[in-house]
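One structure below.
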Amino acid sequence: MTKALALLSGGLDSTLAIHVIKKQGIDVIALNFVTVFCLCTSKGNCKLEAVKVSEKLGIPIKVINTTKSFLEIVKKPKHGYGKNMNPCIDCRINIFRAAGEYMREIGASFIITGEVLGQRPMSQRKEAMKTIDREAGLTGLVLRPLCAKHLEPTIPEKTGLVNRDELLEIKGRSRKDQIQLADIFQIKDYPCSSGGCLLTDPEFANRMRDSLKHEDVDVNDVKLLKVGRHFRIDSKTKVVVSRREDENLTIQNLAKDSDYLLHLKDIPGPLSLIRGNIDDEKLKIAAQLTARSSKAKYLPSTKVVISRIQQDFEQKVLNVSQIDPGKAEELMVKK
Ligand code: SF4
């Protein structure tokens, strides 16, 4: 039986592509990629969505985390960024390379994706698709069932493994055809229609850009970029102040040995973290920013506790008033 490897995000398009190919009696195995930038649902649950869809379809799935290789790409993408910090072409090449390896490993004959020509400005243009396939070493081996009739026939079509007549010719950004097709295949709930990536979010992209300009960003840094308000004190030092109670725990968990944590001594409020080249003056600024993000901003002064995750660090207490609002605005890494 012919075997195809499907890139499954958990969204509607990749689900439809699988239905179209399965209808031809082809055995489909799914592959899902996740990274630290993944934001498929509000809970960042891409993996779960893809797994749920694969279960509904009754096909096996493998999930690969490509954060490490992808982070290096985000730092210096060969093909540049999209509208924000999304290096879509390099990202797709990275994913396709890994998919190609897995395709060979499991003895699949080709790869399918839910891509639609013209749906995304950067990676879903005809020329970009060709570049991605070529640089991933997969020319002729990536079949896009939803828009195949707009593209040159792939190897599985030419060799008769796939009947081109039964493939589709969807094009553009409208979702109308996909929604009609979902009805035909009786796909009822598709929570994540086109995937999600923090690098396309303007606010996150600004934070990422700021970090890349000043630091050698690692995965922990990226996770920290997802929470709180960010303030840059100097090129090597930044402060992150939580906005909600749940962020306090995240910040606490992400603290490194060299970071300092700050919280108010006498009233509930945010947890802040300062990372970089830290001295007493910068600790004071971090304490003032912490005071400003709490009810303590209405007080003439408040006590801020400074601690570290190192067990042997003796806590300090600073008595500060909130930072000048204009100064806070100046330090904030903006949207
Ligand atoms: S939006 Fe993000 S995940 Fe999607 S292709 Fe672009 S960089 Fe990759």
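The values are calculated or read from the model by the stated rules, or taken from the named source; none is laboratory data. Worth saying up front: this structure is predicted, and the values here are computed from it rather than measured. Positions of Cβ are generated from backbone atoms using ideal geometry, with glycine treated the same way; all protein chains shown enter the neighbour counts.
Against the definition (of a type in the set (D, E, K, R), assigned to a strand (DSSP E or B) and out of contact with any Asp or Glu (no Cβ under 7 Å at 6 or more places or on another chain)), how does K238 come out, yes or no?
yes
Working only within the stretch 129-140, note down all residues that are buried (at least 18 other Cβ atoms within 10 Å of the Cβ) and touching a helix residue (DSSP H, G or I) at 6+ places or on another chain (Cβ under 6 Å). So that I can check it myself, show each step before the final result.
Within the stretch 129-140, the subset buried (at least 18 other Cβ atoms within 10 Å of the Cβ) is 129, 132-133, 135-136, 138.
Once the filter is applied, which keeps residues that are buried (at least 18 other Cβ atoms within 10 Å of the Cβ) and touching a helix residue (DSSP H, G or I) at 6+ places or on another chain (Cβ under 6 Å), the stretch 129-140 yields I132, E135, A136, L138.
Which residue, of N94, N86, is within 13 Å of the ligand (Cβ to nearest atom), at pLDDT 95 or above, buried (at least 22 other Cβ atoms within 10 Å of the Cβ) and assigned to a loop (DSSP other than H, G, I, E, B)?
Every option except N86 fails the conditions.
For the subset of the stretch 67-80 comprising residues that are part of a loop (DSSP other than H, G, I, E, B) and surrounded by 19 or more Cβ atoms within 10 Å (Cβ to Cβ), which member is farthest from the ligand (Cβ to nearest atom)?
H79
Filter the stretch 283-322 down to residues that are within 21 Å of N220 (Cβ to Cβ) and surrounded by fewer than 19 Cβ atoms within 10 Å (Cβ to Cβ) and give me whichever is farthest from the chain's Cα centre (by Cα).
Going through the qualifying residues, I end up with F313.
Could you list all residues from the stretch 238-281 that are over 13 Å from G228 (Cα atoms) and in contact with a Gly (Cβ under 8 Å, 6 or more places away or on another chain)?
If the condition is that a residue be over 13 Å from G228 (Cα atoms) and in contact with a Gly (Cβ under 8 Å, 6 or more places away or on another chain), then H263 is the only one that fits.
Which of the residues that make up the stretch 46-66 are within 14 Å of the ligand (Cβ to nearest atom), surrounded by 17 or more Cβ atoms within 10 Å (Cβ to Cβ) and not in a helix (DSSP H, G or I)?
T66
Tell me which residues, restricted to the stretch 97-140, are assigned to a loop (DSSP other than H, G, I, E, B), among the small types (G, A, S) and either more than 16 Å from the ligand (Cβ to nearest atom) or more than 20 Å from E152 (Cβ to Cβ) (or both).
Step one: list which residues in the stretch 97-140 are assigned to a loop (DSSP other than H, G, I, E, B), which gives 107-109, 113-116, 118-125, 136-140.
Those left that are additionally among the small types (G, A, S): 107-109, 114, 118, 123, 136-137, 140.
If the condition is that a residue be assigned to a loop (DSSP other than H, G, I, E, B), among the small types (G, A, S) and either more than 16 Å from the ligand (Cβ to nearest atom) or more than 20 Å from E152 (Cβ to Cβ) (or both), then G107, A108, S109, G137, G140 are the ones that fit.
Select from the stretch 149-202 the residues that are under 23 Å from G25 (Cβ atoms), without any contact (Cβ under 8 Å) to a residue 24 or more places away in the chain and part of a loop (DSSP other than H, G, I, E, B) and list them in ascending order.
Listed by number, the residues that qualify are P153, T159, G160, E169, Q186.
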